[in-house]
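Read the structure below first, then the notes.
The values are calculated or read from the model by the stated rules, or taken from the named source; none is laboratory data. Bear in mind the structure is a predicted one, so any value in this text is a computation, not a measurement. Reconstructed Cβ throughout: ideal geometry from the backbone, glycine too, with neighbour counts over all protein chains shown.
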There are 2 protein chains.
Amino acid sequence: MQKCKIGIIGFGTVGKGIYRILNSQSSIHPILKEIEIVGIAVKNINKKRDIELENNLLTNNPFKLIDDPNIDVIVEVMGGIDIAKDIILKSLKAGKSVVTANKAVIARFGTEIYTTATKYGVYVLTEAAVCGGIPIIEPLKRSLRSNQINKMVGIINGTTNFILTKMTKEKADYKETLKLAQKLGFAEFDPTADVEGHDAADKISILTELAFGGKINRDSISTEGINQINIKDIEYANKLGFEIKLLAFSERSDINSNDSLSLNIWVGPSLIPKSHPLAAVEGVNNAILIEANPLGEIMLYGPGAGSGPTASSVVSDILNLHASLLKNSSSIDPLLSFNFWKDCHVIDFNQISKKNYLRIICLDTPGVIGKIGDLFGNNDVSIESIVQLDASENKAEIVVITHEVTNGKFEKSKKEISVLSEVELIASQLSCI
Amino acid sequence: MQKCKIGIIGFGTVGKGIYRILNSQSSIHPILKEIEIVGIAVKNINKKRDIELENNLLTNNPFKLIDDPNIDVIVEVMGGIDIAKDIILKSLKAGKSVVTANKAVIARFGTEIYTTATKYGVYVLTEAAVCGGIPIIEPLKRSLRSNQINKMVGIINGTTNFILTKMTKEKADYKETLKLAQKLGFAEFDPTADVEGHDAADKISILTELAFGGKINRDSISTEGINQINIKDIEYANKLGFEIKLLAFSERSDINSNDSLSLNIWVGPSLIPKSHPLAAVEGVNNAILIEANPLGEIMLYGPGAGSGPTASSVVSDILNLHASLLKNSSSIDPLLSFNFWKDCHVIDFNQISKKNYLRIICLDTPGVIGKIGDLFGNNDVSIESIVQLDASENKAEIVVITHEVTNGKFEKSKKEISVLSEVELIASQLSCI
């Protein structure tokens, strides 16, 4: 049987997970035995590792693997941006298909990478880049291709979901919970990309391109993280029947714009009704709801990170390449490969339409709820509920939940409310679905 | 661009759904335009239809399509067993790949069908046969192939889930709810296959073969339906923190049997804790939990039936075939095709190990709970809880929930309990997870 020969670049958590699967003695499909690791590129060959590797497998020069005519597939699991991008592009240009778990590179340089793959007649597969072990890229490219995708909304960052779950269950403070997450290995030493929502924005950008077919300007995605979340918001949300989750959202907008499809995309901490299927997604798990026509609504749920789950996705991509390469044909599988087929653009922040939650600290005087209500009304913002939740020392906390409204109208109302004489502070603002 | 020419056999709900997708003007992937319907075989050409078809598209002879050298793929959506099986096998032997939604045929004649497809170098794809629109077959064959699957448990019959949801929410009677389901089109005129669990058994048989790699004797699957479910059981289950769902279950058993993998498979109405992800699956929706190594646990959720969802799965199979055929190679894609790779067998009913729920009607005398507890203990059956839930006119209702135990030991205890002088009736028995 023809083997599929791979070179792995990077041997951290994911690299080791891949090695373990391919050397597993468990009861797996025999096709896994057809994958052969020809070389592994690491920074330091002499580093002590918990997996003992034959020395002739290791190199500290990733380009040696890219140039090796024996190797069919390059597996990039080193992380980082610039060097990883260089390695991916050089591999594709050398006629090798690439499997990568690198969401940051794909979200930023997807266009160049997909185009290069097509130009050189090879593939770049990215199942491990989004939602760890959950099959989502493959289903989008194959099983759902018969549909028009209308909306995707998901919990696609495990670190922040771990923190929010912990804060909710134990009424714990944000900073302390972040420290705990770091200690347990669920958050990185520099947690910025996760807690500020950039990681989720990378992922929703990749998913949006695959689902809707057009190039997305990654920087145009309105992104907020969980670093401003106050335990009070979680308590109030729970009291009103909601959970707070960091959501990534992407939807066809009905804003007309000639031939380019308008997309309503954002990432932000959000209230979701407790009865909503995403509300039950806890800890480092991820889930994504996809609404499509004629399919209806499906949800894919599972572990969003970790060595085993991520390696599982990488190896399934390698198997897909192997199955395709076995066919020994010069033509490209149009479902396994990816090419843009549509013009898309992200609508402006002010045009984004969604429900909002606002917590206002104000003087506990009669009529303040009426004034706030009037201001929203004057700006054409319809309100779902307005509740006074706490009053002490002459202060009151008022929580407003709006119906769906454009950011433009909402921000204008907010500005006007903030200068009311009774209003002391707009304490927090969240999205709702 | 090379077109993929298909012949559709059967033009009911699913057939019409396929036609609608392929003639849709919505914003779908351009590859869909490469699928061309060459012919549709129906019973009665002159029947009035809500979709107007050109007359030269219709035939009442399915074998005309199978023999047509212009056609690449036969889509069997006529239903039934014997003729459908004949059509599938003849198509494969004529060198045509087949897409089918027919779970009954695949569950019964999978071995012959898969083997014939391999022999003739073509494919038989079955995404629509299990869980309607949920991508499950494709993920099992591709995305999860890097894993050892350990367990699958799911709600995979929409009709019974609709009935149980309705009974739970409205405290409605089984027979009346079934009538309503029939009126609404969620249950067939003859509901036997659904309500007695045979449809779910067909589906778990198909999934088990794909996941574990071995032939399954369909008739050896222990199957119970919901036709004996009493509203009292639903009330008691709810009170104790459970929902009742019709589950299909398939798991590696640790029973040693040389080289053949032992599988613990059953279908039956079951108590599941309200916090379990499957507990929230309502109405005609389906969901399946898959536990795999190293992936962990994932859940796939979505519409389990209906014209749009099922047609979505059929068309995605057609697209997969088209993408593969485009490669114009005589070799077969080992992930798209399916061949058994392992010896498996279903363990005996008495060896099946699971938790159980038992409702016993007995005299309201002191000591009866002790006696029942002792009998279970003597048979090595460990009890999770035993509760007296209702007492009137000298009668008491006792509910027992056991820990995991083999059917053999459980049935022996049950028999001994049923002849206790205090016991009037063993009113019902359900599984638990």
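Does A:Ile6 satisfy the criteria of being within 14 Å of chain B (Cβ to nearest Cβ), modelled with pLDDT of 95 or more and in contact with a strand residue (DSSP E or B) (Cβ under 9 Å, 6 or more places away or on another chain)?
Details: within 14 Å of chain B (Cβ to nearest Cβ): yes; modelled with pLDDT of 95 or more: yes; in contact with a strand residue (DSSP E or B) (Cβ under 9 Å, 6 or more places away or on another chain): yes.
So A:Ile6 passes the test.
Looking at B:Ala181, B:Ala237, B:Ala201, can you tell me which residue is under 15 Å from the mean Cα position of the chain (by Cα) and among the hydrophobic types (A, V, I, L, M, F, W, C)? Walk me through how you get there before you give the answer.
Numbers: B:Ala181 fails: under 15 Å from the mean Cα position of the chain (by Cα); B:Ala237 fails: under 15 Å from the mean Cα position of the chain (by Cα).
Going through B:Ala181, B:Ala237, B:Ala201 in turn, the sole match is B:Ala201.
Just need a number here: residues in segment B:371-409 that are part of a loop (DSSP other than H, G, I, E, B) and acidic (Asp, Glu). Spell out the reasoning first.
Here is the first cut: in segment B:371-409, the ones part of a loop (DSSP other than H, G, I, E, B) are B:379-382, B:393-394, B:403-404.
The next check asks that each one be acidic (Asp, Glu); those that pass are B:380, B:393, B:404.
Summing the residues that are part of a loop (DSSP other than H, G, I, E, B) and acidic (Asp, Glu) in segment B:371-409 gives 3.
Quick check on this structure: which one of B:Glu235, B:Glu196, B:Glu243, B:Glu224 is over 20 Å from B:Ala279 (Cα atoms) and of a type outside the set (A, V, I, L, M)?
Working: B:Glu235 fails: over 20 Å from B:Ala279 (Cα atoms); B:Glu243 fails: over 20 Å from B:Ala279 (Cα atoms); B:Glu224 fails: over 20 Å from B:Ala279 (Cα atoms).
Answer to the check: B:Glu196.
Name the residues in segment A:269-288 that are surrounded by fewer than 22 Cβ atoms within 10 Å (Cβ to Cβ) and either small (Gly, Ala, Ser) or under 16 Å from B:Gly133 (Cα atoms) (or both), would you?
Correct list: A:Ser275, A:Ala279, A:Ala280, A:Gly283.
Would you say B:Ile134 is in a loop (DSSP other than H, G, I, E, B), in contact (Cβ under 8 Å) with a residue 24 or more places away in the chain, within 14 Å of chain A (Cβ to nearest Cβ) and not charged (D, E, K, R)? Lay out the reasoning, then the answer.
On the way: in a loop (DSSP other than H, G, I, E, B): yes; in contact (Cβ under 8 Å) with a residue 24 or more places away in the chain: yes; within 14 Å of chain A (Cβ to nearest Cβ): yes; not charged (D, E, K, R): yes.
Here the answer is yes, as B:Ile134 does meet what is asked.
Which condition does B:Asn147 not pass, out of (1) at the interface with chain A (Cβ under 7 Å from one of its Cβ atoms); (2) out of contact with any Leu (no Cβ under 7 Å at 6 or more places or on another chain); (3) farther than 16 Å from A:Ser146 by Cα, if it passes all the others?
Against the list (1) at the interface with chain A (Cβ under 7 Å from one of its Cβ atoms); (2) out of contact with any Leu (no Cβ under 7 Å at 6 or more places or on another chain); (3) farther than 16 Å from A:Ser146 by Cα, B:Asn147 comes up short only on (2).
Taking segment B:299-342, which residues are more than 24 Å from A:Pro294 (Cβ to Cβ) and of a type in the set (A, V, I, L, M)?
Scanning segment B:299-342 gives B:Leu325, B:Leu326, B:Ile332, B:Leu335.
On the basis of being outside the structural domain of B:Asp233 (by TED's automatic domain parsing) and either touching a residue at least 40 places away in the same chain (Cβ under 8 Å) or within 23 Å of A:Ile298 (Cα to Cα) (or both), does B:Leu125 make the cut? Show your work before the answer.
On the way: outside the structural domain of B:Asp233 (by TED's automatic domain parsing): yes; either touching a residue at least 40 places away in the same chain (Cβ under 8 Å) or within 23 Å of A:Ile298 (Cα to Cα) (or both): yes.
Spelling it out, B:Leu125 is indeed outside the structural domain of B:Asp233 (by TED's automatic domain parsing) and either touching a residue at least 40 places away in the same chain (Cβ under 8 Å) or within 23 Å of A:Ile298 (Cα to Cα) (or both).
Given the residues B:Thr208, B:Thr126, B:Thr165, which is the only one that is over 21 Å from B:Lys245 (Cβ atoms) and either at pLDDT below 95 or of a type outside the set (Gly, Ala, Ser) (or both)? Give the derivation first.
Details: B:Thr208 fails: over 21 Å from B:Lys245 (Cβ atoms); B:Thr165 fails: over 21 Å from B:Lys245 (Cβ atoms).
After applying the criteria, what remains is B:Thr126.
Given the criterion touching a residue at least 40 places away in the same chain (Cβ under 8 Å), hydrophobic (A, V, I, L, M, F, W, C) and in contact with a Lys or Arg (Cβ under 7 Å, 6 or more places away or on another chain), identify the matching residue among A:Val381, A:Val399. Walk me through it before giving the result.
Working: A:Val381 fails: touching a residue at least 40 places away in the same chain (Cβ under 8 Å).
Answer to the selection: A:Val399.
Out of segment B:318-369, which residues are over 15 Å from A:Asp333 (Cβ atoms), out of contact with any His (no Cβ under 8 Å at 6 or more places or on another chain) and among the charged types (D, E, K, R)? It would help to see each step written out before you state the result.
Let us first name the residues in segment B:318-369 that are over 15 Å from A:Asp333 (Cβ atoms), namely B:330, B:338-369.
Restricting the remaining residues to those that are out of contact with any His (no Cβ under 8 Å at 6 or more places or on another chain) gives B:330, B:338-340, B:342-354, B:356-369.
Once the filter is applied, which keeps residues that are over 15 Å from A:Asp333 (Cβ atoms), out of contact with any His (no Cβ under 8 Å at 6 or more places or on another chain) and among the charged types (D, E, K, R), segment B:318-369 yields B:Lys342, B:Asp343, B:Asp348, B:Lys354, B:Arg359, B:Asp364.
Take the conditions surrounded by fewer than 24 Cβ atoms within 10 Å (Cβ to Cβ), small (Gly, Ala, Ser) and within 23 Å of B:Leu207 (Cβ to Cβ) and apply them to B:Ala94. Does it pass? Even if it seems obvious, please write down each step before you answer.
On the way: surrounded by fewer than 24 Cβ atoms within 10 Å (Cβ to Cβ): yes; small (Gly, Ala, Ser): yes; within 23 Å of B:Leu207 (Cβ to Cβ): no.
No; evaluated as a whole, the condition is false for this residue.
Going by the conditions given, is B:Ala323 small (Gly, Ala, Ser) and outside the structural domain of B:Leu125 (by TED's automatic domain parsing)?
On the way: small (Gly, Ala, Ser): yes; outside the structural domain of B:Leu125 (by TED's automatic domain parsing): no.
The answer is no for B:Ala323.
Between a first residue in segment B:298-317 that is more than 7 Å from chain A (Cβ to nearest Cβ) and within 21 Å of B:Glu76 (Cα to Cα) and a second residue that is of a type in the set (S, T, N, Q) and assigned to a strand (DSSP E or B), which pairs have beta carbons less than 7 Å apart while being 6 or more apart in sequence or on different chains?
B:Gly304/B:Asn285; B:Gly304/B:Asn286
Could you go through segment B:112-121 and let me know if any residue there is farther than 30 Å from B:Ser260 by Cβ and of a type in the set (Asp, Glu). Break it down into steps so the answer makes sense when it comes.
Looking only at segment B:112-121, we keep the residues that are farther than 30 Å from B:Ser260 by Cβ, and these are none.
Within segment B:112-121, none of the residues are farther than 30 Å from B:Ser260 by Cβ and of a type in the set (Asp, Glu).
Out of A:Ile216, A:Ile204, A:Ile226, A:Ile265, which single residue is surrounded by 23 or more Cβ atoms within 10 Å (Cβ to Cβ) and touching a Leu at 6+ places or on another chain (Cβ under 6 Å)? Show your work before the answer.
Details: A:Ile216 fails: touching a Leu at 6+ places or on another chain (Cβ under 6 Å); A:Ile204 fails: touching a Leu at 6+ places or on another chain (Cβ under 6 Å); A:Ile265 fails: touching a Leu at 6+ places or on another chain (Cβ under 6 Å).
Just one listed residue meets the conditions, A:Ile226.
Only one of A:Ser331, A:Ser337, A:Ser316, A:Ser250 is in the same structural domain as A:Val77 (by TED's automatic domain parsing) and at pLDDT 95 or above; which? Break it down into steps so the answer makes sense when it comes.
Values: A:Ser331 fails: at pLDDT 95 or above; A:Ser337 fails: at pLDDT 95 or above; A:Ser250 fails: in the same structural domain as A:Val77 (by TED's automatic domain parsing).
Going through A:Ser331, A:Ser337, A:Ser316, A:Ser250 in turn, the sole match is A:Ser316.
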